[in-house]
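Each remark here refers to the structure printed beneath this line.
The values are calculated or read from the model by the stated rules, or taken from the named source; none is laboratory data. All values derive from a computational prediction rather than experimental measurement. Glycine also receives a Cβ, built like all others from the backbone with ideal geometry; neighbour counts cover every protein chain displayed.
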Amino acid sequence: MDDIILETNGLTIVFGGHVAVDNVSVKIQRNQLKSIIGPNGAGKTTFFNMLSGQLKPTKGSVFFDGKDITSLSPAERTRLGIGRSFQITNVFPNLTCYENVRLAVQSQKGIRYNMFSHVRKFRDVNERAYQLLDMVFLVNKANEMAVNLTHGEKRKLEIAMLLALETEMLLLDEPTAGMSLEEVPMILDVIRNIRDQRNRTILLIEHKIDMVLDLSDNIMVLFHGQLLADGPPEEIIRNEQVQSAYLGGLYNDAS
């Protein structure tokens, strides 16, 4: 039997008379990377917001590790192991990269500042912070102020902070949005590095279809708020409905 970490049943949300997400039921396997694609207005970010708790569904339910989390707050879902990034980076600009990640590690471990504690007591915190910076290829920027980082580097730092919270599942909403072409490959490398360790589940919204095909184990396609298709990349790119609704025949000749 498949090891399912997250499942939605009939997830629906209505704003006024507009059905933004319409009866979406999907299962996401543990330690795989699943991408969500679809045209603008398809309901991708709205769907994400219901998974992370920013929005409450009009009807339907969300299960994480077999537990119904539909009524839980974003903070409660974070404590369960769901980490969410947004299209706008969220780091502390006037702290160094190391300090940003160390604070996230301390938060996860429940460590508060104590002026009488010796720094050696927190050696494991420091080591973990450097491990995470290394995982996102930022260890050489450990002492750099976050405000001085490029947009792509801030994205990598944000991912390190999510990892510091020991998240089982990462929800990454357009991690390459606003990046220069030169910066995109380094985010791709970070996501691939996390995926290849196979100890976290990644759910990714991304418009760059080549990136999606390269990274994904599975792809789900939303169209007008409905689940149009769900399957491995090679199946999705040959799906005639997906071709018509989103890919525009781009991969019709794919072998």
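Structure above, values below:
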quantity: Some residue of the stretch 168-186 being buried (at least 23 other Cβ atoms within 10 Å of the Cβ), outside any loop (DSSP other than H, G, I, E, B) and β-branched (Val, Ile, Thr); calculated: no
quantity: Check on Arg198, charged (D, E, K, R) and either surrounded by fewer than 20 Cβ atoms within 10 Å (Cβ to Cβ) or more than 14 Å from the chain's Cα centre (by Cα) (or both); calculated: yes
quantity: Residues being of a type in the set (Val, Ile, Thr), surrounded by fewer than 21 Cβ atoms within 10 Å (Cβ to Cβ) and at pLDDT 95 or above - total across the stretch 10-45; calculated: 4
quantity: Tally of residues being under 21 Å from Val125 (Cα atoms), touching a residue at least 40 places away in the same chain (Cβ under 8 Å) and of a type outside the set (Gly, Ala, Ser) across the stretch 155-197; calculated: 11
quantity: Residue pairs meeting the criteria (Cβ under 9 Å; at least 6 apart or on separate chains; first closer than 7 Å to Gln226 by Cα and hydroxyl-bearing (Ser, Thr, Tyr), in the stretch 14-28; second at pLDDT 95 or above and surrounded by 21 or more Cβ atoms within 10 Å (Cβ to Cβ)); calculated: none
quantity: Residue in the stretch 67-74 that is without any contact (Cβ under 8 Å) to a residue 60 or more places away in the chain, among the basic types (Lys, Arg), out of contact with any strand residue (DSSP E or B) (no Cβ under 6 Å at 6 or more places or on another chain) and assigned to a loop (DSSP other than H, G, I, E, B) present; calculated: no
quantity: In the stretch 187-207, residue nearest to Leu222 (Cα to Cα) [restricted to those that are of a type in the set (D, E, K, R) and assigned to a loop (DSSP other than H, G, I, E, B)]; calculated: Glu206
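Residues are listed down the side, and each one gets a yes or a no for (1) outside any strand (DSSP E or B); (2) over 26 Å from Val190 (Cα atoms):
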position: Pro39; (1), (2): yes, no
position: Ala42; (1), (2): yes, yes
position: Thr46; (1), (2): yes, no
position: Asn49; (1), (2): yes, no
position: Leu55; (1), (2): yes, yes
position: Ser61; (1), (2): no, yes
